[in-house]
Each structure stands twice: as C-alpha cells, then as structure tokens.
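**Student:** This structure is in structure tokens; I'll ask about it shortly.
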Amino acid sequence: MAALGRNYRGIRFEADRVWGTGLASREFLHIEDCGRTIAVTTKHYDDAAPADIGAGREIAIRQLAGLVAELSECRGEIGWTSKPDSQPRGCLDVATAEREFGFALSPTFATACSKP
C-alpha cells in the first residue's frame, strides 16, 4: 500500500502499472486499532492460546489500487503487469480475539485510508 501511495500522491498520471492481475487480496489493520487492541489484550487476555489480531476482512489489490488512486486524486488508468500474483489471499481469523476480549475494528478500510 505504501508503494501505491508513493506512486499516486499528488501526481496526475496518464497510466500506471501495478504488479500482477490485482486479484490477490490482503488485509490491512489501522494503527489505531492495532494499538488499542494490544493495550486491551495485555490487560484482559491471559490464555496460552494465540489470538490473531488483524482486520478480519480483505481487499483485492485491484480495489486497493483504485481506492489509493481515488484518495490521492489521481487521474488515469491503472495497468497491470504480466508478473505473477503472489499469495492469493492474506486474511487472519480474528474469531478468538472477538470472543475473548471484544476485538472489533472501528473505521471502514476507506475511512482509515483517508486519515492523515
């Protein structure tokens, strides 16, 4: 995501190319959610079993590129390379965190991305 942001920030481009097909997906956890969850976890979770903290939802790289371009007010068409996609999906199971210490994300992904 940082690479996309560097490419698009304040630039009026005619075309840009992103690695792969854009069909792979990833999850992103906003730093405020991460910090809040770590603080709550250290106070209220005393189990030996791991509890994943993550977004628990994923976004396709194609959607992500479009969102970053939109939020950075770029114009133009995003192209895709013929390079292979990496891991098809990247998303954690946050059920334990939700059940054991009330983990819940606050903003939507688009809202979190638009924060300074």
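The values are calculated or read from the model by the stated rules, or taken from the named source; none is laboratory data. No experiment lies behind these values; they were computed from the predicted model shown. Note that each Cβ is placed from the backbone with ideal geometry, even for glycine, and that neighbours are counted across all protein chains shown.
**Student:** In segment 66-86, how many are over 15 Å from the mean Cα position of the chain (by Cα) and touching a residue at least 24 places away in the same chain (Cβ under 8 Å)?
**Tutor:** Count: 14.
**Student:** Hey, can you tell me all the residues within segment 33-65 that are over 15 Å from the mean Cα position of the chain (by Cα) and of a type in the set (Asp, Glu)?
**Tutor:** Asp46, Asp47, Asp52
For every residue, the table says whether it meets (1) crowded, with 16+ Cβ neighbours inside 10 Å; (2) over 17 Å from Thr111 (Cα atoms); (3) at pLDDT below 85.
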{"position": "Ala2", "(1), (2), (3)": "no, no, yes"}
{"position": "Gly22", "(1), (2), (3)": "yes, yes, no"}
{"position": "Ser25", "(1), (2), (3)": "yes, yes, no"}
{"position": "Leu29", "(1), (2), (3)": "yes, no, yes"}
{"position": "Asp33", "(1), (2), (3)": "yes, no, yes"}
{"position": "Ala39", "(1), (2), (3)": "no, yes, no"}
{"position": "Glu70", "(1), (2), (3)": "no, no, yes"}
{"position": "Cys74", "(1), (2), (3)": "yes, yes, yes"}
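**Student:** Taking segment 84-105, which residues are of a type in the set (A, V, I, L, M, F, W, C) and loosely packed, with under 14 Cβ neighbours inside 10 Å?
**Tutor:** Selection gives Ala95, Ala104.
**Student:** One residue is enough: does segment 60-75 have a residue meeting the conditions touching a helix residue (DSSP H, G or I) at 6+ places or on another chain (Cβ under 8 Å) and assigned to a loop (DSSP other than H, G, I, E, B)?
**Tutor:** Within segment 60-75 (the criterion being touching a helix residue (DSSP H, G or I) at 6+ places or on another chain (Cβ under 8 Å) and assigned to a loop (DSSP other than H, G, I, E, B)), the answer is yes, since at least one residue qualifies.
**Student:** Now for a different question. Which one of Asp52, Asp46, Asp93 is at pLDDT 85 or above, more than 30 Å from Arg17 (Cα to Cα) and not in a helix (DSSP H, G or I)?
**Tutor:** After applying the criteria, what remains is Asp46.
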